[in-house]
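Report on one structure; see the data block that follows.
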Amino acid sequence: MKKIIYLYPILTFSLLVSAQENMFVVYSMKGNVSVVSNKVESKAKIGTIVKDDAVIKIASGSFATLICNETRVFTLNKSGNYAATSLKDSCKGENHSSISTNYAKYIWSEFTKAHGSPEKNRTSYMANVGAVSRSINNVWIDPKLDTVNYVSGTVPLSWKSYTDAEEFEFKLYDAANSNAPILTKATKKKHIDLSDILKNIQPGKAYHWSAMIKSEENEERKYLRYWTKDEYTSFYNSIKKHDTAETEAELNFRLGFLLEEAHFPAEAYNHYMKATQLAADNPMYRFTFMSFKKDYEIK
């Protein structure tokens, strides 16, 4: 009898797990796609949640790309009616889509969680976003600027001050020698635009930079790498390729996220902006772009 008492809760838990429903979110779609739930048919849109009891209808020449259970991504691109229960195998195993797991989790969170604003905390879904600085000085540089990869355009290298100082110094170092600066620039602003130091940096080379209140020191160093166009093109092509269907708007938003995650803020800016232009009615794109510009102090 004692064994039955111990096994009963385990058996009950197993039945609950096996009975757990799958849930899908429409990530991207094109053409005529609708969802039938409780005998009511409605037109699908980006962010539509499809539960286990629904049917997805794909018209000829249309497609729908779905995220299932947070990370699995797949596309329905053949016309027909798909019962959500028949798609359960697509929710199992590893995610074989080229869409990264971090990005899929971010999109999933945005459309399934009513609380909070994921677009304001997108970096919590990114890898390698920097660590909190332990330096003690009167200037604070956001960890997201620990590494900046640069190809073209411009982006501010910014900082904040714990005092009411009116003048600062920006120092640039060759990464091979962080003792003697190759550039010292005085400024009353709390940032230096990368376009202002282009004549001091060369493609293919790495640098360190720091900021301090004038006449003070700051031993903290941030990393700046000026990529060659060939290096960047190779990397860009590797993240652009995909095996799931998506529109140009989703493509540009995804690339903005991945480029920000890879510390290319200037290039991420261009893709986030393009996504908002292509899908002006998508609030997530708009709010994320606004949040990104605020985080990087881009006007």
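Number of residues in the range 171-229 that are of a type in the set (Phe, Trp, Tyr) and out of contact with any Leu (no Cβ under 7 Å at 6 or more places or on another chain) equals 4.
Quick one: which of Glu246, Glu216, Glu220 is surrounded by fewer than 19 Cβ atoms within 10 Å (Cβ to Cβ), in contact (Cβ under 8 Å) with a residue 12 or more places away in the chain and acidic (Asp, Glu)? Can you show your working first?
Values: Glu246 fails: surrounded by fewer than 19 Cβ atoms within 10 Å (Cβ to Cβ); Glu220 fails: surrounded by fewer than 19 Cβ atoms within 10 Å (Cβ to Cβ).
One residue alone meets the criteria, Glu216.
Looking across the range 202-221, just one residue is modelled with pLDDT of 95 or more and among the basic types (Lys, Arg), and that is Lys205.
Considering Asp174, Asp193, which residue is modelled with pLDDT of 90 or more and closer than 23 Å to Lys299 by Cβ? I'd like the intermediate steps shown before the answer.
Working: Asp174 fails: closer than 23 Å to Lys299 by Cβ.
Just a single option satisfies the conditions, and that option is Asp193.
Close contacts from the range 154-167, counting a first residue that is more than 13 Å from Lys293 (Cα to Cα) and not assigned by TED's automatic domain parsing to the domain that holds Glu267 and a second that is charged (D, E, K, R) and surrounded by 15 or more Cβ atoms within 10 Å (Cβ to Cβ), with Cβ to Cβ under 7 Å and a gap of 6+ residues or different chains, come to Trp159/Lys190; Lys160/Lys190; Ser161/Lys190. Listed by position, the strands (runs of 3 or more DSSP E) contained in the range 126-233 that have at least 3 residues being closer than 29 Å to Ile107 by Cβ are 147-150.
The values are calculated or read from the model by the stated rules, or taken from the named source; none is laboratory data. Source: prediction; values computed, not measured. FYI the Cβ positions are ideal-geometry reconstructions off the backbone, even for glycines, and counts take in every protein chain you see.
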